[in-house]
1. Could you give the size of the charge dipole of the chain about its Cα centre, using +1 on the Cβ of each K and R and -1 on the Cβ of each D and E, expressed in debye and rounded to the nearest 20?
2. For P(r) over Cα pairs in 10 Å bins from 0, in percent, which listed value, (1) 16, 44, 30, 9, 0; (2) 17, 41, 24, 12, 6, 1; (3) 16, 26, 21, 17, 12, 6, 1, comes from the coordinates shown?
3. Over region 14-85, what relative contact order in percent results from Cα pairs under 8 Å that are six or more residues apart?
4. What order do you get for 29-41, 59-71 when each peptide is scored by the mean count of other beta carbon atoms within 10 Å, highest first?
5. How many angstrom lie between the C-alpha centres of region 53-86 and region 11-29?
6. In the chain, with Lys and Arg counted as +1 and Asp and Glu as -1 at Cβ, which of these residues, ALA80, MET23, ILE50, has the Cα nearest the positive end of the dipole, that is, farthest along it?
7. Suppose each label sits 7 Å from its Cα in the direction of the beta carbon; what would the TYR13-ALA26 distance come out to in nanometres?
Amino acid sequence: MADDKQMPGFMTYKEAALMFTLMPEADAAAAIRAACNYYLYGEIPELDGIAAKVFDIEKASIDRGRGKYADQVEGGKKGAEKRWHG
């Protein structure tokens, strides 16, 4: 998954951060590590319980972010093309 065209990062929103603080440390660590591995390598972990549910929320956020980033990149390409060639 990691390449030059990948979005430069992902954001954890306040709601997810609050969930992490309320979870047992081992579950929070598993969910955070799983989100990072998904972002970096596209790996879908085998989690259960609360860690799995929180990972699903983070995964959806990462996927939305990737879509928005791809739209921004495409818009930039079109804008540059229009400015320099059109």
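1. Numbers: 12 positive and 14 negative charges, 128 e Å.
With Lys and Arg at +1 and Asp and Glu at -1, about 620 debye.
2. (2)
3. Worked out over region 14-85, it gives 28 percent.
4. Highest-to-lowest ranking by the protection proxy: 29-41, 59-71.
5. A separation of 26 Å, based on Cα centres.
6. ALA80
7. Going from the TYR13 label point to the ALA26 one covers 3.0 nm.
Every number in this text was worked out from the coordinates using simple rules, so none of it is lab data. Not measured: the values here are computed from a predicted model. Positions of Cβ are backbone-derived with ideal geometry, glycine not excepted, and every protein chain shown enters the neighbour counts.
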